[in-house]
Amino acid sequence: MVSTRDDPAPIWLRWRRSGWARRLAIAATMAGLVCLAGVSLNRVYSGVLLAELVLGAAIASALIPALLRPAPAWLVAPVSVIALVGYGLWAVEVSAHAGGVAGDLSTLTVDAARNAVPRLLSALIPIEPQPDTVLAPVVLAWLAGFAGTELAVRSARPAAALVAPTLLYVSALVLVGPNAGVALWQPLLFAALAALCLATGSAASGAAGVRGIGRRELVSLRVRTASGFAVGLAAVLAVVVAVSPLVAGAVSGAPGDPRRYVQPPDLDVTDQNPLIRLSGWAAFPEQNLFRVEILGDAQPAPPATPAPTDTASLDPFAAETFAAETEAPPEQPSDEGDYDTRLRLAVLPDWDGVTWHLEADYRNAGRVLPPVAAPPGVDPEQPAAYPPLTIEERITVDQLRGRLLPAVASPTRVDGIRVAYDQREGGLLDNAALDPGTTYTVTSVNEGVDVNQLMASDVPHGDAVARYLAVGPSVPDELSRFAQKVAEGENSPYLRALALQEFLQEHYTFATDAPSGHAYPNLSFFLLAQPRAGGQRGTSEQFATAFATLGRLLGLPTRVVVGFHVPAGGGMVTAGDALAWPEVLFSGAGWVPFDPMPPPQSQAQPVEPEFVPPPPPSSDPPVSVTPSAESAPVDSLGPEQALAAAQGPGTAAIVAGSGVGALGLALMALMAIMLVRALRSRARLRSADPARRVVGAWDEVLDGLLLAGRPPPQHLTAVEVADYAAHVVAQTPGRHARRPRPASPDLVGLARTVNAVAFGGRTVADPDESVAQAAHTRAVAFRRALYRRRSWWRRLLWWVDPRPLRRR
């Protein structure tokens, strides 16, 4: 056999005979197939970084088995794995730098390897190339390129070699789904490359197989090859005939999206309904939540149409909100502090008669966010009334808790933090719980509302707005009549909303200490109860939810937004800046905010009697009065009889006896209250079971707060109640006392013990006598501290107050 070195043929012919040309051609074809899968998947990514990384992985993974063909088979796979690890680390570093993801290489690699598939399936489109969204495609591309080339080059099985690239390409198409347009050239090019791979591999394997055999064996081989080809062709044609109708029917349909089967991140109760946090924030208005820095200047564009002459018909809050969300500086700043920005924490579109809650579809997103989906009845192609305005703000978290991120409406970019994004409502969610010092920058693009066109605007209808009109299974009749009465005579949807806003502003009072709650019973009490009974006063929670609920009863699509005021020019946002406001959906205009809150320093007008339902009629039968001598008219009696009838028999004695009897009954009732309370406290604090004594000590703390007139809000946890109790004692220093008052004990330890005992089922902690005695001591010391800070007459009422007996 003549060696290649001694072959007198030209060098290119010798190189071809050695098999290098065939191997490199197969490697190039296989790399093209794998790269085509990356190009198809890159259609749902932003930029071209993913396609470039997949291209590099395809070329490297195909070249290694082609170049190492003369080497032993056991050596090729380890070399490829080592090269894959190095290339994967490089891809993680490059994508982290391009995506602005901070962290060291080891942490980023571990996080990407752990969350590559879940985040890829739940990422919002367009997907930003970051370590956890590029690692899986790069690794799969490398494996497909290596497996296909190795099978084609070493095993000479071109048909089997196409399995891995084909599966990769089909997986890319499934992941893209309906989120990209049709690219007909890609499947055609893939089919052409696959045919080229089959031809190259088949020609090489056939040439190697027939070399050196006789004529008879060659003829037999050709006959068997032709027969196999004919049978295979017939089978392929049969499959095409059977499948072609199904394929033709699916061409015009939209492919399925696998992302719909991936659940969004779970939200806790406080994030699902941030309305319940407003009362807690109102109790501590000085608490620092976060700091806002406004980056750059933003000025609103001039209105597209002249302002109407009748400015009273316009919604003042709509115009104010346009200036607010466009960062317009106030024309007449005041010394009291102006607000020119509102940040949204959450949008609550769903109302079931009990609570407003958030059913959002949060998806992991990169730095660049897609635009918020256009609401029903709004054409996204229609030019806006005002040019869009870009707002950029840097937010630093202080004591804000949860996972919801405040931002100006319609965010388009978030830097400095990994977020999940709800494209339907425009909400942002941190992938982890917020920590003090967390800083991120939000860029928003807002479009103003032309309030001049709202008078003639209608509201959308149909299934698309059904969730914005839902009112729950049972609506109180008095609220339905109340809503109809408020908007009586107003035909325009905008005028109905404006009438509702003005009625709430004029007849109801804002009160920071109003209890939380916005279910139908709470709203009925807020709207219809008398002021002397605590009705007709509430926080922004009651004003916003009352407007939104009554608006739905009037046929207006509404939702509730929870957010914050931001001081003009930026600054620290405190708990006192938190508020809620309603929004109404108008055709063509979109969501328009309203402000049902009464102006500062305004005096509420009494609600007219026709709005308040009459009391239910009494079911007792009428009392019949029989005439008698005692009830005879005085003028029908004689002078002496009239005087005796006027004085009555023993009038003074009867009055005195009645007074003494009433006083005695009152004293007996007070003594009974004192006795029952003393016996209950004794049973709590002297129980034989240490666990019952711990819980009883906590009940004594809650009774003390109730007696002090400062019961804790119901949504607070035990540890938060302990902090609240310390705050209550600190706010009551007892300055008029002749001697210093006892200090309040720390109740955080008691709160944690109560959590372990009451909710841990004694599997977490089984208190002993020392723990129970410490709880007893702290509870008694706390009640003594509260008692000593009361005035003398409140101390007298302390022991006979019946409210602790009614507390559950």
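Within segment 461-498, the set of residues being surrounded by fewer than 18 Cβ atoms within 10 Å (Cβ to Cβ) and farther than 21 Å from residue 354 by Cα comprises 461, 462, 463, 464, 484, 485, 488, 489, 490, 491, 492, 495.
The residues of segment 431-442 that are surrounded by fewer than 21 Cβ atoms within 10 Å (Cβ to Cβ) and modelled with pLDDT of 85 or more, listed by number, are 434, 435, 436, 437, 438, 439, 440, 441. When residue 573 is evaluated against the numbered criteria (1) under 24 Å from residue 610 (Cβ atoms); (2) open to solvent by less than 10 Å² (accessible area, probe 1.4 Å), which criterion, by number, is the only one it fails? That leaves (1) as the condition not met. For residue 570, the requirement of being in contact (Cβ under 8 Å) with a residue 40 or more places away in the chain and within 28 Å of residue 472 (Cβ to Cβ) is not met.
Exactly one residue among 794, 789 is more than 39 Å from the chain's Cα centre (by Cα) and either at pLDDT 75 or above or acidic (Asp, Glu) (or both), and that residue is 789. State yes or no: is residue 742 at pLDDT below 70 and either in contact with a strand residue (DSSP E or B) (Cβ under 6 Å, 6 or more places away or on another chain) or open to solvent by less than 60 Å² (accessible area, probe 1.4 Å) (or both)? Here the answer is yes, as residue 742 does meet what is asked.
Residues in segment 706-714 include none that are modelled with pLDDT of 75 or more, surrounded by 11 or more Cβ atoms within 10 Å (Cβ to Cβ), more than 47 Å from the chain's Cα centre (by Cα) and assigned to a helix (DSSP H, G or I). Is segment 90-97 home to any residue that is of a type outside the set (Val, Ile, Thr), under 24 Å from residue 62 (Cβ atoms) and open to solvent by less than 20 Å² (accessible area, probe 1.4 Å)? Scanning segment 90-97 turns up at least one residue that is of a type outside the set (Val, Ile, Thr), under 24 Å from residue 62 (Cβ atoms) and open to solvent by less than 20 Å² (accessible area, probe 1.4 Å).
Applying the condition of being out of contact with any Asp or Glu (no Cβ under 7 Å at 6 or more places or on another chain), farther than 14 Å from residue 429 by Cα and of a type in the set (A, V, I, L, M, F, W, C) to segment 369-394 and asking which residue is modelled with the lowest pLDDT yields 389. Here the condition is being over 30 Å from residue 400 (Cα atoms), crowded, with 18+ Cβ neighbours inside 10 Å and not charged (D, E, K, R); of 542, 501, it holds for 501 alone. Restricting attention to segment 44-55, the residues that are out of contact with any helix residue (DSSP H, G or I) (no Cβ under 6 Å at 6 or more places or on another chain) and in contact (Cβ under 8 Å) with a residue 24 or more places away in the chain total 3. Against the numbered list (1) touching a helix residue (DSSP H, G or I) at 6+ places or on another chain (Cβ under 8 Å); (2) more than 18 Å from residue 284 (Cα to Cα); (3) at pLDDT 80 or above, residue 689 comes up short only at (1). When we screen 141, 161 for residues that are more than 30 Å from residue 418 (Cα to Cα) and buried (at least 22 other Cβ atoms within 10 Å of the Cβ), the only hit is 161. One residue stands out in segment 27-43 among those that are polar (S, T, N, Q) and touching a residue at least 24 places away in the same chain (Cβ under 8 Å): the one that is surrounded by the fewest Cβ atoms within 10 Å (Cβ to Cβ), namely 40.
Scanning segment 123-173 for residues that are within 37 Å of the chain's Cα centre (by Cα) and within 15 Å of residue 36 (Cβ to Cβ) yields a count of 10. Number of residues in segment 333-359 that are open to solvent by 20 Å² or more (accessible area, probe 1.4 Å) and at pLDDT below 80 equals 8. Among the residues of segment 91-146, those that are without any contact (Cβ under 8 Å) to a residue 12 or more places away in the chain and of a type in the set (A, V, I, L, M) comprise 102, 110. With respect to being assigned to a loop (DSSP other than H, G, I, E, B), open to solvent by less than 60 Å² (accessible area, probe 1.4 Å) and more than 29 Å from residue 255 (Cα to Cα), residue 103 fits the description. Exactly one residue out of 66, 58 is modelled with pLDDT of 90 or more, surrounded by 20 or more Cβ atoms within 10 Å (Cβ to Cβ), closer than 17 Å to residue 151 by Cβ and touching a helix residue (DSSP H, G or I) at 6+ places or on another chain (Cβ under 6 Å), and it is 58.
The values are calculated or read from the model by the stated rules, or taken from the named source; none is laboratory data. From a predicted model like this one, the values you see are computed outputs, not experimental measurements. Backbone-built Cβ (ideal geometry, glycine too); neighbour counts: all protein chains shown. We work out accessible area using only protein heavy atoms, side chains counted, and drop any ligands, DNA or RNA first. Shrake-Rupley method; radii C 1.70, N 1.55, O 1.52, S 1.80 Å.
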